[in-house]
Amino acid sequence: MKRRRIIKVKDKTFAISISERAIKSQIRHVAERINRDYEGKEPIFLAVLNGSFIFAADLLREIDVPCEISFIKLSSYVGTNTTGKVREVIGLNIDITGRPVIIVEDIIDTGLTMAHMLETLKQQNPESINICTLLLKPSKLKVDLDIRYCCNQIPDDFVVGYGLDYDGFGRNTKDIYTLI
Ligand code: 5GP
C-alpha cells in the first residue's frame, strides 16, 4: 500500500506519527535486548490479539534465541475489580509453568488490562514474566507496572495502524497514525 500522510478510518481523520522505518528500528533495538537477556533460555512469547499480530510477527523475526509463540485474547466480557474494568484472558493453550514468558502487547494505556493479565498468568507459575509493548502512554498509567521492553512512548492521543484499530478498521497500514 502506498504511504499516505493523512488517512480516514471510518468517520475519523488521522495523520502519520510513527513511520514504518522508525517502528522497525525500535523493534530491532528491543529485540537485541531480549536476545541478550534471554541467552540460554527458551522464552514463550504470548501475543495479545488482535492488536499485536503485526508487531508480534515483526518482533519474532528479530529474535534469535530458541522460542515459542502462542496467542491469547481478552474476552469482550467486562467485569470490575478494585482497580477498574477488566476483561478475562482466554485462549491460553500452552503450559507456561516454569517457563520464561514475554507478553507481547500493542499498546499500554491505563495498564489495567496488563495488570490483570499478569495476575492471571502468574497463577500458572511461570519462571518469570516480562512485558514487551510496542507503545506506551506514560501519562495515562494508573497502575505500577514493570515494563521491561517498550518500543515507543507516545502522548495521550488515540492511534491506529500497524495492527491497531479504530472500531475494527485501520489495522492494515505500515505506519502508525494519530487522531487529528
Ligand atoms: P489499558 O487497559 O492499558 O487502558 O488498555 C489497553 C488497551 O486499550 C489496548 O490493548 C488497546 O486495545 C486499547 N487502546 C488504548 N489506547 C489505544 C489507542 O490509542 N489506539 C488503539 N487503537 N487502541 C488503544
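Tabulated data
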quantity	calculated
Qualifying residue in the stretch 66-82 (condition: part of a helix (DSSP H, G or I), at pLDDT 95 or above and more than 16 Å from the ligand (Cβ to nearest atom))	no
Residue check, Thr133 closer than 19 Å to Ile69 by Cα, modelled with pLDDT under 95 and either touching an Asp or Glu at 6+ places or on another chain (Cβ under 9 Å) or of a type in the set (Val, Ile, Thr) (or both)	no
Flag if Ile131 is touching a helix residue (DSSP H, G or I) at 6+ places or on another chain (Cβ under 7 Å), within 13 Å of the ligand (Cβ to nearest atom) and β-branched (Val, Ile, Thr)	yes
Failed item, numbered, when Leu164 is tested on (1) within 11 Å of the ligand (Cβ to nearest atom); (2) without any contact (Cβ under 8 Å) to a residue 24 or more places away in the chain; (3) under 14 Å from the mean Cα position of the chain (by Cα)	(2)
Some residue of the stretch 108-122 being more than 11 Å from the ligand (Cβ to nearest atom) and either within 22 Å of Tyr177 (Cβ to Cβ) or touching a His at 6+ places or on another chain (Cβ under 8 Å) (or both)	no
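The values are calculated or read from the model by the stated rules, or taken from the named source; none is laboratory data. Since the structure is predicted, the reported quantities are computational estimates derived from the model, not experimental observations. Reconstructed Cβ throughout: ideal geometry from the backbone, glycine too, with neighbour counts over all protein chains shown.
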